[in-house]
Each structure stands twice: as C-alpha cells, then as structure tokens.
1. Under a GNM of the chain (C-alpha, springs under 10 Å), which listed residue has the highest mean-square fluctuation: C312, C189, C276?
2. About its Cα centre, what dipole magnitude does the stretch 343-404 give when the only charges are +1 on Lys and Arg Cβ and -1 on Asp and Glu Cβ, stated in debye to the nearest 20?
3. Once you order the gyration tensor axes a ≥ b ≥ c over the Cα atoms, which shape class does the stretch 99-244 get: rounded for a/c under 1.5, otherwise prolate or oblate by comparing a/b with b/c?
4. Nothing charged except the Cβ atoms of Lys and Arg (+1) and of Asp and Glu (-1): what's the magnitude of the dipole of the chain about its Cα centre? Round to the nearest 20 debye.
5. Per-residue ellipticity at 222 nm for the chain, helices alone: DSSP H runs ≥ 4 residues times -39500 (n - 2.57), over residue total, nearest 500 deg cm²/dmol?
6. Points 7 angstrom from Cα along the Cβ direction at K212 and L142: gap in nanometres?
7. Lys/Arg Cβ at +1, Asp/Glu Cβ at -1, dipole of the stretch 29-76 taken about the Cα centre: which of I32, A57, L74 is farthest positive-ward?
8. What's the magnitude of the charge dipole for the stretch 210-283 around its Cα centre, counting Lys and Arg as +1 and Asp and Glu as -1 at the beta-carbon? Answer in Debye, nearest 20.
Amino acid sequence: MAREKVVLAYSGGLDTSVCIKWLIEEKHLDVIALVGDVGQKRQNLDFIRQKALDSGAIESLIIDMREEFARDYLTKALFANALYEGKYPLVSALSRPIIVKHLVRLAAEHKAAYIAHGCTGKGNDQVRFEVGVRSLDPDIKLIAPVREWDLTTRDSEIEWAQAHGIPVPVTKGSPYSIDDNIWGRTMECGILEDPWVEPPADVFELTIDPAKTPDVATYLTVSFKAGVPVAIDNQQMEFLDILTELNAVAGANGCGRIDMIENRLVGVKSREVYECPGALALICAHQGLEELVLERDLLRYKRTVEQDWANCVYDAYWFSPLKQALDAFIASTQPVVSGDVRLKLFKGHCSVVGRRSDYSLYDFKLATYGEQDGFDRDAAAGFIEIYGLYTEAWARQQSRLDPS
Ligand code: ARG
C-alpha cells in the first residue's frame, strides 16, 4: 500500500531536517517539504531544496511568496499600523498565514492527509500554524514532531541526526533563535532570556548601533497612494523594493530596534528583541499621513481597531471572521491616505517632519494665528456655553451633596 503523505513547512535548519526523517521513520509518511520564501536572509535556496531531498523528502519545493506577502499581508498590516502591544510589528505572526495557505494548497494538490511544522510546544507559532490550517481545511491532520519527540536537548538532536544520516551544520549555530522575513527580524534565547541584560551587539544584523551612525540626518520622502507606499523621493517603486530600501536606509541610521517584554498567547511573558527598520519607518510615515487626512472620530476609532487587528494576527486568528471584518473597516478608511511624508532618520529616531496631501483636512485659515485667520471666535463662545452644560450641571449637583 502506498504511504500517506505529509506536507512539511521546511526551513532548511536542523530541526526541520530532523523532522523529515522523523516523519518517515516514526509516522511512516512520505514527506513533501515546502520552503516559503518570504524574504528571509538569503540562504542558498538550491542548497536547501537539495538538503530536504538528502534528508529523505520525496519532493522539495521552494516557493517565492515575497510579492504575495507584500500585497496581501504586509499591505494590510501597514493599513492597520499593526503593532502588537504597541511595539511589535508582527514579523513572524504575519508570515505564518501565507505559509499555511500554501501548505493547505499543496496538501490538496498532492492528496496529502497531513501537514506538519517544526515549531516547539512553547511558542506562538505552533498555534498560528495549526489554527491557521484548521481555519482553511478542518479535515487535514496536523503533526508537530518537535512537540512530540523526546530530543529535548540540542546535543541529543544532533546525535539522532548523525545516526540517521542527516547533514548537520559544521559551524556553531547562532546562540539566538532567529526568525526573519522582509518585515523584520526576531531574536530570542541565549543571554536575551535575562531581561536585565542589554542585547549584545552581535544580536543585530539589520541595524547599526545608533552611537555609530552618521552625525547628519537622512531625509527622505515616502509617497502613498490609497495607503500603499508607491515612491521614495519621487521614484516610483514596488512596495517590496520600497521596503528593501527603507530597511537599508533606516537600518543605517540605527532605526528599528525593539527590546520588549511580550505577552505570548501561550501564557508566558518573554523577552523579545526585534529589528524592523523598514516596517517601523513605513508605519511611522503612514500614521503621519493619516493624521492629516482622516477625520477626528474616524482616526480615533481606527486607532482602537488597529489594536484589535494586531491582537487577532498575533493570536493566530488571521483567517477569523473578526479579523476579516476589521480588514474591511480598515480598508474603507484608506482611499484618502494618499500624499507625501517627509521622514527624518537620525541616530535611532525616525520622525515625520513634513506631510502633504490632496485630501488634507488641514485648513490653514482655520489653524493660523496670523493675519489670514478665518476662525470665528464669536462662534466659539456659544459653542463653549452649550458644550459645558453637562459638566456644569454635574458640578452644581455635587455641591449639593451632604458632606457628612
Ligand atoms: N515572539 C514573536 C511572535 O510570537 C516572534 C516569534 C519568533 N519565532 C521563532 N520561531 N523564532 O510572533
């Protein structure tokens, strides 16, 4: 009888390579390995593809998801100015659903009954993979080898790998656990687990230490059309290229470092270090433009919705009905988010120093204290008279309270 198939989310690292062999030996499955290219640091993708085959996979696929990732995932995150707990731009949380989508598609194409991933049993990503898969195809069976196996230490894993003919990297791996894509880079483990210790210099790859960045500021203008970035300094570019450029320029100015204590979905507070120069610069610019073009109540309400959106995505609910409904609301606010934002990047700070738009709600005549002032001060007096009625009545009532 032919063996059943499993589609595995493969990274090329030791964990997922061991997963391939483990799925073959322990679960008696044929393994199809999928690497999603979401703009992670360029490894040799041909090498990774071959490594999966060498580890025993019957098929090994590398899918370039970068454009789709930018168009369908990062655009939405930018529309939502998405920052979990006000800080983390959801780097890993955004990449899981697109990988899930392709895993499920491949499982259907290859008539695979199983999907597997290499996440541990302690993090958020296992939840995102599994809840994501079940949201798209409730009948697929899930396997989480790393959660199941008893190779708890790195040494025992390497021993198992060597005994089973899996190529083990000769170089000593990074002391940190890293995940990265075009939206940024996440760092955990090692010395970072002590929340009192400052992240050592060797943690960072995309950003320069602000103490060592240029002594003159870098200015650049980001143009948006309906919420989507379309140009830098008047040069029309694709979102992906804009992001790549901003990662470089903002990173060179020391912008985009985040050091936080984060509340994981699985009940654990963890110390997380991120570097997301391009993502944070874009969110900063996008927020700045929204301030100019969105009506007050809409803006205030949208800012609360943004937090709910970030929570949904962090909490593995990318495909949930609430998240989709919030997408619709957020998208409805974006047609006027067109215009230019001038960013100043200097020694780890990214700030908006200029903004303009054809849809600007800023009215110079109303705002100015100069000669051209067109604001009706007489109307202000009547407005205040009525506006204060509620609190005035309340104050009178309070004064009648028995003080005893
Ligand atoms: N704490 C972040 C999150 O949950 C980063 C996770 C990084 N994942 C990883 N496998 N290293 O989104």
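Bear in mind that the values in this text are calculations on the coordinates, not laboratory data. Treat the numbers as computed from the prediction; the structure is a model and nothing was measured. Ideal geometry is used to build each Cβ from the backbone, glycine not excepted, and the neighbour counts take in all protein chains shown.
1. Comparing C312, C189, C276 in the GNM, the peak value goes to C189.
2. Working: 8 positive and 9 negative charges, 106 e Å.
The dipole of the stretch 343-404 has a size of about 520 debye.
3. On the way: a/c = 2.56, a/b = 1.32, b/c = 1.94.
It is oblate, given that a/c is not under 1.5 and a/b is not larger than b/c.
4. Numbers: 44 positive and 60 negative charges, 61 e Å.
Approximately 300 debye in magnitude.
5. -12500 deg cm²/dmol
6. My value for the distance between the label points is 4.2 nm.
7. In the stretch 29-76, that residue is L74.
8. Details: 6 positive and 9 negative charges, 65 e Å.
It works out to roughly 320 debye.
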